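These notes concern the structure reproduced below.
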Amino acid sequence: MRAAKRDYYEALGVERSADGAALKAAYRKLAVKYHPDHNQDNPDAEEAFKEITEAYAVLSDADRRRRYDQLGHAAFAGEDGSGPDFSSFGDILEGLFDGVFGNRATDGLPKDLRYNLEIGFEEAALGADKRIEYERREVCSQCNGSRADPGASHAECNACSGRGEVRFQRGFFANTRPCSQCSGTGVRAEARCTRCKGRGSEARKRVLTVKLPAGVEDGAVRSVSDAGEQTLDGSGALHVHVAVRPHPLFTREGADVLCEVPVSFPQAALGAQIDVPTLEGRVSMRLPPGTQSGKVFRLRGKGLPVFGGYGKGDQFVTVVVEVPQQLNERQRALLAKLADELDSGQHLPAKHGFLDKLKNLFD
Ligand SMILES: [Zn+2]
Ligand SMILES: [Zn+2]
């Protein structure tokens, strides 16, 4: 005998104002958690399952819910005070469980598939038609999904009448399990389709071409309807997840392309014509005298097509001045001489401005 019976709303964890959809969602979640099949070693689970199922059976029925709201548990107290009569809830539970746990009918629902597609930076930039090859399950081409040999006269399993599952009582509600006589196929062993061995489906290779628009971004998903798993109820979709390989020179920010170009100290000081890589090939760019390291130049329209929009992005070129390394005796002497000559506010304004500020701060 249980102690004081819990409020039905409380048992399901919903507000008293919860609508049908909220009730169902709450119940399904708890039902999966407490279902006896998932709780072989937990004797309390069945009690919990019974409680939420009773709560749902009452609250999901408008008439019963009204009575419960008015009278509470007393509304259903029978002669023995044991609660509502479950025999009349059979249909509710059956209908509900088909959706919660899956049986032959729902197993037939077509599944979506995922394909991971890696492409190069340039392919993403310019767009590409990519041929992909994958395997999916399709309705068996010999039995058309019936699982039975087309020539068999009496294919149906006698034990389950061809349903592939049998009902049994577990605790207080009816449950189903795969028919052991026919291994859940619904078809007698001798009459099974030889091609699919009674599965009704077979794995087939598929090839298709996925069109990737210019400017497609890393992480983009292209979905191809009807290219997923096929069942008698139709086909799911194939979701192609695009990953863009990194480029040795370029990175990308939306439609803009970024790159760094190292230049020598004399080039930066004297000015130079330098080669810059773009997606369309090499271009020549003028570096003005006195260009500082980190200076960014914009090459208009040299970026990527705007994905899902119009026009093109720009390319941003960051100039990085490389300091000479591993100098020999003569080079060191030359540089030292130059250093003396250039060390003034006129030639190195940033350095001298900084020194002035430092002085003001501490002197
Ligand atoms: Zn077959
Ligand atoms: Zn059977």
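Restricting attention to segment 211-226 and to residues that are outside any strand (DSSP E or B) and within 17 Å of the chain's Cα centre (by Cα), the residue that is nearest to residue 305 (Cα to Cα) turns out to be 217. Residue pairs whose Cβ atoms lie under 9 Å apart, sitting 6 or more positions apart in sequence or on different chains, and linking a residue in segment 181-201 that is aliphatic (A, V, I, L, M) to a partner that is within 12 Å of ligand 2 (Cβ to nearest atom) and part of a helix (DSSP H, G or I), do not occur here.
Within segment 138-162, the set of residues being more than 12 Å from ligand 1 (Cβ to nearest atom) and under 24 Å from residue 177 (Cα atoms) comprises 154, 156, 157, 158, 159, 160, 161, 162. Can you say whether residue 240 is modelled with pLDDT of 95 or more, assigned by TED's automatic domain parsing to the domain that holds residue 135 and touching a Lys or Arg at 6+ places or on another chain (Cβ under 9 Å), as far as the supplied structure shows? Here the answer is yes, as residue 240 does meet what is asked.
Of all residues in segment 6-49, those being among the charged types (D, E, K, R) and closer than 18 Å to residue 74 by Cα number 4.
Of all residues assigned to segment 186-196, none qualifies as being assigned by TED's automatic domain parsing to the domain that holds residue 237, under 30 Å from residue 48 (Cβ atoms), within 11 Å of ligand 2 (Cβ to nearest atom) and loosely packed, with under 13 Cβ neighbours inside 10 Å.
In segment 221-241, is there at least one residue being without any contact (Cβ under 8 Å) to a residue 24 or more places away in the chain, of a type in the set (A, V, I, L, M, F, W, C), away from ligand 2 (no atom under 16 Å from the Cβ) and over 20 Å from residue 138 (Cα atoms)? Checked segment 221-241: at least one residue is without any contact (Cβ under 8 Å) to a residue 24 or more places away in the chain, of a type in the set (A, V, I, L, M, F, W, C), away from ligand 2 (no atom under 16 Å from the Cβ) and over 20 Å from residue 138 (Cα atoms).
Here's a check for you: in segment 177-200, which residue that is among the polar types (S, T, N, Q) and either within 10 Å of residue 147 (Cβ to Cβ) or within 13 Å of ligand 1 (Cβ to nearest atom) (or both) is modelled with the lowest pLDDT? The residue in question is 185.
Among the residues making up segment 103-116, those that are away from ligand 2 (no atom under 16 Å from the Cβ) and either modelled with pLDDT of 95 or more or not small (Gly, Ala, Ser) (or both) are 106, 109, 110, 111, 112, 113, 114, 115, 116.
Do we have residue 275 as surrounded by fewer than 12 Cβ atoms within 10 Å (Cβ to Cβ), of a type outside the set (Phe, Trp, Tyr) and within 30 Å of residue 327 (Cβ to Cβ) here? Here the answer is yes, as residue 275 does meet what is asked.
Scanning segment 66-86 for residues that are in a helix (DSSP H, G or I) and at pLDDT 60 or above returns 66, 67, 68, 69, 70, 71, 72, 73, 74, 75, 76.
The condition of being surrounded by 11 or more Cβ atoms within 10 Å (Cβ to Cβ) and on the phi > 0 side of the Ramachandran plot holds for only one of 254, 311, 345, 281, that being 254. If we keep just the residues of segment 117-141 that are over 30 Å from residue 304 (Cβ atoms) and surrounded by 15 or more Cβ atoms within 10 Å (Cβ to Cβ), which is farthest from ligand 2 (Cβ to nearest atom)? So the residue we want is 136.
The values are calculated or read from the model by the stated rules, or taken from the named source; none is laboratory data. All of these numbers come straight from a predicted model, not from anything done at the bench. Cβ coordinates were reconstructed from backbone atoms using ideal geometry, including for glycine residues, and neighbour counts include every protein chain displayed.
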